[in-house]
1. Tell me the net charge near TRP289. Cut-off is 9 Å between Cβ atoms, TRP289 excluded, with +1 for each Lys or Arg and -1 for each Asp or Glu.
2. Which value at 222 nm does the chain reach when only helices count, each DSSP H run of 4 or more adding -39,500 (n - 2.57), with the total divided by all residues and rounded to the nearest 500 deg cm²/dmol?
3. Quick check: from the Cα gyration tensor, does the range 268-388 come out rounded (a/c under 1.5), prolate or oblate?
4. Hey, quick one: spin label on ARG23, modelled 7 Å out along Cα-Cβ, who in the range 85-127 has an amide N within reach, i.e. under 11 Å?
5. What does the extension gain come out to for THR111 and SER206, with contour length at 0.36 nm per residue minus their alpha carbon separation?
6. Given the Cα atoms of the chain, and with Rh set as the inverse mean 1/r over their pairs in the Kirkwood sense, what is Rg to Rh to two decimals?
7. Highest mean first, how do 76-89, 58-71, 95-108, 297-310 rank when packing is the count of other Cβ atoms within 10 Å averaged over residues?
8. Quick one: check the C-alpha center-to-center distance for the range 37-89 versus the range 268-313, whole angstrom.
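Nothing in this text is a laboratory measurement; each read-out follows from the coordinates by a stated rule. Quick caveat: nothing in here was measured; it's all calculated off a predicted structure. FYI the Cβ positions are ideal-geometry reconstructions off the backbone, even for glycines, and counts take in every protein chain you see.
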Amino acid sequence: MKLKELAAQVAADFQKHYGRPPRWIVAAPGRVNVIGEHTDYNDGFVLPMAIERYAVMAADSAATPGKISIYDTHFKENATVDITAPVTKGQPKWSNYIRGVLAGFQNRGVTIPALDVAFTSTVPLGGGLSSSAALEVCTATLMEAVTKPIDPIEKALLAQKAEHEFAGVPCGIMDQFISALGREGHLLLLDCRTRKTELVPMSDPSVELLVVNTNVKHELGSGEYAKRRAECEEAARILGVKSLRDATADQLEKAKGKLSEVVYRRARHVIGEIERTVHAAEGIRESNWPTVGQFMYASHDALRDDYEVSCKELDMVVDIASEIGLKGGVYGCRMTGGGFGGCCVALVKASAVPEISKRIAAEYKARTGIDAAIFASRPAAGATIVKA
Ligand code: GLA
């Protein structure tokens, strides 16, 4: 559904629930990462793209002071947040993404007004498409609309802090950055060390990015993500560098004997992935799609074998995509996001999208018994105030 229609739907749901129209409507997108996986917390490069799937909130000032009421229009569930004191964690669980951001604004000295809010999200939950970042950035955008604008980088960092402190996931900065700073028709090359961003145009109508949701739930809270982070830090320490961004493949080979086999492989992925991301961005600038596709396959291989964050369903999708191959219109394919389930992203010929989608869906179902959800997305805009 287009953002305009989605916004109208949430406005109608607001009206039905609260008996009056909303004053503000805001939205923030989910994302896929084209390449640069598990590099953000190593000060490396990432190349995500905002997708046409959004968290949307409609809101108005509330008559009752001291609280924010949030109505989830899809699950028909309510959450109430007390804003007369520092906002803390609470129930239901999803409200913590919102609570974390509200707490962040309080910490900046912002007085949060009482609000009635209706919200929904078309970002699949647990699909590795950053549904949580979309919700956090959406909440931050609502706060901006209602109070005053903040710098988009500070906004992304505030949303990341909410994820750390209220959801317990020690994520990097990629997801919140792309949701806050994405631009229609562009990928975002982000240097996670300097936080410098470059918008990389991706407007060639002959290619599309296909998102294939394995419908195997991904769970980052389970501890594997934090474990990978710790392994990277250990590698950096042994190599004597501040972060793996500062290490070269040569350096790693020379120090191989000092690292455990696992930590060596983790570092090999990260060092290689940072380089692949920079080269893939060059390939995109030149519309050299076969080259970009090769980097995507290489990224997947390393995530599967060295970083061990893939799963058999993700591998299956990549296998099917590579079997279809260039002849069938697939340039490249890889898992995207944190891993352990979730989605793959495939770079494909636009004209072959229906045929490729059909084939992946059929083969995946035949091999796993699971129905995949497949959709194409153009690079979408980052967070927006739809109605001020
Ligand atoms: C999750 C995190 C991101 C990033 C990716 C892996 O999506 O939220 O910060 O680390 O995993 O690239």
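1. Working: positive: LYS349; negative: ASP204.
Net charge in that neighbourhood comes out at 0.
2. Numbers: 11 runs with 161 residues, N = 388.
After summing the helix terms and dividing by residue count, I get -13500 deg cm²/dmol.
3. Values: a/c = 1.27, a/b = 1.06, b/c = 1.19.
In terms of gyration-tensor shape, rounded.
4. Flagged as within label range: 113-116.
5. Values: separation 95, 0.36 × 95 = 34.20 nm, distance 4.84 nm.
That pair, THR111 and SER206, stretches by 29.4 nm at full extension.
6. Values: Rg = 20.9 Å, Rh = 21.3 Å.
Radius of gyration over Kirkwood radius for the chain works out to 0.98.
7. Numbers: 76-89: 14.1, 58-71: 17.4, 95-108: 22.1, 297-310: 20.6.
Per-residue Cβ counts within 10 Å, averaged per peptide and sorted highest first, yield 95-108, 297-310, 58-71, 76-89.
8. 31 Å
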